[in-house]
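Visitor: Input: one structure, supplied below.
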Amino acid sequence: MITLDKYFAELSRCRGDELSAEDEELIGTAFELGRKYHTGQKRASGEDYFDGHCVPVSYNVAKIHMPAEMIAAGLLHDTLEDTELTYDQLEALCGVEVATMVDGVSKLSKIKYKGNDRHVESLRKFFVATAQDVRVVILKLCDRWHNLETLEHLPIEKRERIAKESIVIHAQLASRLNMGKLATTLKDLAFPHAFPEDFKKTWEIVESSIIHGSATIDGIFQELHPIAKHSLGYEPIMDKRVKSVYSTYQKLTRKDWNIDEVYDLVALRIIVQTRDDCYRMLGAIHGRWQPLPSRLKDYIALPKPNGYQSLHTTVMSGTGLMVEIQIRTMEMHIKNEYGVAAHHSYKNRAEGQNNGSFGWLSQLSTLNELNLSPDEYIHELQSDFFETRIFALTPKGDVIDLPYGASVLDFAYAVHSDIGDHAKGAIVNGVYRGIHTKVESEAVINVITGPKVKPTGKWLDHVVTSQARSKIQRILKT
């Protein structure tokens, strides 16, 4: 049995800092409450439920640097669903914030990955909750993180269902919240259970390639140190990152399983002090190794829609191996790893603010306005929110986040309903295009409207986003 003293010692290690006396009091109350109400409950592994699951979930919350209220909610996340503790009792002992979050997680716990009406309704509830309070989603992701670590104790069929659900839903949400580290963790934990044969095949290819190219990568890594110090006047933080197994699998399937086409299997990461140092370091790298022009990405000047920032360049090693190098500041790195968790965007909700990087969250509920069958809903969900995202710009420089395959008409509705309702074309990168034109990432689009233009039934053939489709259907009905 884990004592409270041992728990706090491990919690401090996970967080990397000390808790205040007030935080310790709240978390201590939650710890004793969870211990009391989960007494006698066991996991499938035979472990004590509280020590074997609730405590590790709270550690996961601490690892992504969440505040004390969320750690307490992590300890208690199953109490309202699985014990006799009531909401009023929980609120009286731990406060309304903790009680509200635990209640939210309890409602999301009923989701199961099944292609039927019940599954669809559960997904709707899940996404509505996402739009209302992102803290609940972070707690649910931390809960799923630990469940995936202990899947081996479940029957094979249940293992496969949970793993596939984690890849399709939970990991994708983590990615959209720019919680890159958590998204990668969820996918890699789920992959061997969801697709065991593909996992085995991918891992054998990855392992062989890393062994084959390790000497070249180590050589570049060692040579980077004096180059960086000479260019910057100090030694930046540098490390090597092996591409996640699941991400490698996804890329291999697009490249006909040709590992030579995967340029970022191993990436070297350089963390510098300032934004200017990022570009200074990039110039030094290109002065030593020849870059691959098509692989140079400036996500600092033009961040990804989820807020990701970094410079990416792929260089020719001289041995035939291509090596990706990523350059960013520490602030960028933390936000890229922990996303919404890094800057506590959940506070904006309480203050009535809207973080532009996560504006897509409120759009999820628009799926509920469409009269869709279960199969159609899942299709919309996959194509609209979880497929590859692209981003285009308005003439003022506002970034519009869209799914791959979106049209100029989708873009117009994403900018404003009135612009969409009266769109007749657009100037795309200086050239006139029709509303049906597919949008390319990084395109600058100026939508042209006409006062007499209005939606027709044919417009539905030119859009892929639920936001545009629901607005067109609403006009057609009236």
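Where a number appears in this text, it was derived from the coordinates with a stated rule and is not lab data. Source: prediction; values computed, not measured. For neighbour counting, all protein chains shown are included, and Cβ atoms are generated from backbone atoms with ideal geometry for every residue, glycine included.
Visitor: What's the extension gain from Ile237 to Ser417 if we count 0.36 nm per residue and subtract their Cα-Cα distance?
Guide: Separation in residues times 0.36 nm, less the Cα-Cα distance, equals 60.2 nm.
Visitor: Just the number: Rg to Rh for the range 196-338, Cα atoms, Kirkwood Rh, two decimals.
Guide: 0.97
Visitor: Highest mean first, what order results for 394-402, 7-15 on Cβ atoms within 10 Å?
Guide: Highest to lowest by the protection proxy: 7-15, 394-402.
Visitor: Could I ask something else about it? Going by average Cβ density within 10 Å per residue, which order do the peptides 165-177, 16-28, 299-311 take, highest to lowest?
Guide: 165-177, 299-311, 16-28
Visitor: Normalised by the number of residues in the chain, what is the relative contact order in percent for Cα pairs under 8 Å and 6+ residues apart?
Guide: Relative CO of the chain lands at 10 percent.
Visitor: Find how much the distance from Ser214 to Val444 grows on full extension, using 0.36 nm per residue of separation minus their present alpha carbon separation; answer in nm with one decimal.
Guide: Computed gain between Ser214 and Val444 is 78.7 nm.
Visitor: What shape does the range 172-253 take by its C-alpha gyration tensor, where a ≥ b ≥ c are the square roots of the eigenvalues and a/c under 1.5 counts as rounded, a/b above b/c as prolate, and the rest as oblate?
Guide: The shape class here is oblate.
Visitor: Tally Lys and Arg at +1 and Asp and Glu at -1 over the other residues with C-beta under 15 Å from the C-beta of Leu282: what net charge comes out?
Guide: +3
Visitor: Using helices alone, what [θ] at 222 nm do you get for the chain, with -39,500 (n - 2.57) per DSSP H run of 4 or more residues, divided over all residues and rounded to the nearest 500?
Guide: -15500 deg cm²/dmol
Visitor: Multiply the residue separation of Thr253 and Lys200 by 0.36 nm, subtract the distance between their alpha-carbon atoms, and state the gained length in nm to one decimal.
Guide: 17.7 nm
Visitor: Find the Rg to Rh ratio for the range 387-477, where Rh is the Kirkwood radius over alpha-carbon pairs and Rg uses the same atoms.
Guide: Dividing the radius of gyration by the Kirkwood radius yields 0.93.
Visitor: Same structure, new question: Treat every Asp and Glu Cβ in the range 196-338 as -1 and every Lys and Arg Cβ as +1, leave all other atoms uncharged, and give the resulting dipole magnitude about the Cα centre to the nearest 20 debye.
Guide: 320 debye
Visitor: Moving on. Which label belongs to the value computed from this structure, given these candidates for Rg and Dmax of the Cα atoms in Å: (1) 25.6, 102; (2) 24.3, 73; (3) 40.1, 146?
Guide: From the options (1) 25.6, 102; (2) 24.3, 73; (3) 40.1, 146, the structure gives (2).
Visitor: Take every Cα pair under 8 Å in the range 4-193 that's 6+ residues apart, average their separations, divide by the length, and report that relative contact order as a whole percent.
Guide: Relative contact order of the range 4-193: 17 percent.
Visitor: Order these peptides, 232-244, 95-107, by their mean beta-carbon neighbour count within 10 angstrom, highest first.
Guide: 95-107, 232-244
Visitor: What is the distance in Å between the Cα centres of the range 148-183 and the range 217-281?
Guide: Their Cα centres are 27 Å away from one another.
Visitor: DSSP beta bridges in the range 259-337, what fraction antiparallel, as a percent rounded to 5?
Guide: Within the range 259-337, antiparallel bridges account for around 60 percent of the total.
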